[in-house]
1. Could you list, in sequence order, the residues of the stretch 73-100 that are of a type in the set (Gly, Ala, Ser), part of a loop (DSSP other than H, G, I, E, B), over 15 Å from residue 34 (Cβ atoms) and in contact (Cβ under 8 Å) with a residue 40 or more places away in the chain?
2. Among strands (runs of 3 or more DSSP E) lying entirely in the stretch 1-72, which contain 2 or more residues that are at pLDDT 95 or above and crowded, with 20+ Cβ neighbours inside 10 Å?
3. If a residue has to be within 29 Å of residue 26 (Cβ to Cβ) and out of contact with any helix residue (DSSP H, G or I) (no Cβ under 6 Å at 6 or more places or on another chain) to count, how many in the stretch 76-96 make the cut?
Amino acid sequence: MKGDPDVVVIGEPLVEFSAATPLTSADTFRLSFSGDALNAAVAAAAAGAHVALVTRTGEDEFGERLIAFAEAHGVDTRWMWRGPGHSGAYAVGADPAGERA
């Protein structure tokens, strides 16, 4: 593992369930990972910075996947830990024109 990070991001990563249709009619969802903190950390790592994300995920399967996602995208996960409860999640659908809502 590299030494001290160039960038430290503090915040909550989120599990995203997205549908290509409005949520009122959606029956198929795509699983991905997002949230402002995770997005910023991944972008900084992609730009070449040594970036660490400081956060807590839930003690659930999604917490494990959030940490694996961050690590796979070059984020230093030493300060990501799993704690009691569930990981944060949200659902997003598309309006009739296909825009995310």
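1. Passing the criteria: only 98.
2. Hits in the stretch 1-72: 14-18, 51-58.
3. 11
The values are calculated or read from the model by the stated rules, or taken from the named source; none is laboratory data. Because the structure is a prediction, the values reported are computed rather than measured. Note that each Cβ is placed from the backbone with ideal geometry, even for glycine, and that neighbours are counted across all protein chains shown.
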